[in-house]
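Asks: Sharing a structure with you now.
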């Protein structure tokens, strides 16, 4: 195993809200599945992403990445919890990576790292929640690549 050419230097949660669905929805007959077995198909998961070079912007190696994840249960299938989490990270991309590829690496890989942090936070905070622990689905951010060809499974 060897270090990645992109390194997380700092991570901060800018805010988070995780709120359980009300038991009255369950009593009214709304579909209700709790815990780790929840199927996220048809759940509307919103995201917002910002990426910016920090410092020398002619050939940057440091990038700030901000990821916000939102499950507001207003459309689509209802999740056991409403989730609104925003996290920011600073990433350093090795100089060996071509300058024109660094921002994309920070975008794709940075989002993956930040999403993992959100996923862990949600699991930890819901582990004692009334609707049981909720593990967000595994995702990738390959669709954010400039060359948007994603390998098929």
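Asks: Six or more apart or on different chains, Cβ atoms under 9 Å: show the pairs whose first residue is in the stretch 61-87 and at positive phi and whose second is in a loop (DSSP other than H, G, I, E, B) and surrounded by 18 or more Cβ atoms within 10 Å (Cβ to Cβ).
Replies: These pairs meet every condition: 73/21; 73/79.
Asks: A further question on this structure: Looking at the stretch 10-33, which of the residues that are at pLDDT 90 or above and over 16 Å from residue 116 (Cβ atoms) is surrounded by the most Cβ atoms within 10 Å (Cβ to Cβ)?
Replies: So, considering only residues that are at pLDDT 90 or above and over 16 Å from residue 116 (Cβ atoms), the one surrounded by the most Cβ atoms within 10 Å (Cβ to Cβ) is 18.
Asks: So, one more: Can you go through 43, 54, 85 and tell me which one is within 17 Å of the chain's Cα centre (by Cα) and closer than 23 Å to residue 14 by Cα?
Replies: 85
Asks: Okay, next question. Go through the stretch 109-123 and report how many residues are out of contact with any strand residue (DSSP E or B) (no Cβ under 7 Å at 6 or more places or on another chain) and surrounded by 20 or more Cβ atoms within 10 Å (Cβ to Cβ).
Replies: Total satisfying the criteria: 0.
Asks: While we're on this one: Evaluate the following for residue 93: is it under 24 Å from residue 40 (Cβ atoms) and touching a strand residue (DSSP E or B) at 6+ places or on another chain (Cβ under 9 Å)? Walk me through how you get there before you give the answer.
Replies: Values: under 24 Å from residue 40 (Cβ atoms): no; touching a strand residue (DSSP E or B) at 6+ places or on another chain (Cβ under 9 Å): yes.
Answer is no for this residue.
Asks: As an exercise: evaluate residue 126 against (1) surrounded by fewer than 17 Cβ atoms within 10 Å (Cβ to Cβ); (2) touching a residue at least 40 places away in the same chain (Cβ under 8 Å) and give the number of the one condition it does not meet.
Replies: (1)
The values are calculated or read from the model by the stated rules, or taken from the named source; none is laboratory data. Only a predicted model underlies this, so the values are computations on that prediction, with no experimental measurement involved. Positions of Cβ are backbone-derived with ideal geometry, glycine not excepted, and every protein chain shown enters the neighbour counts.
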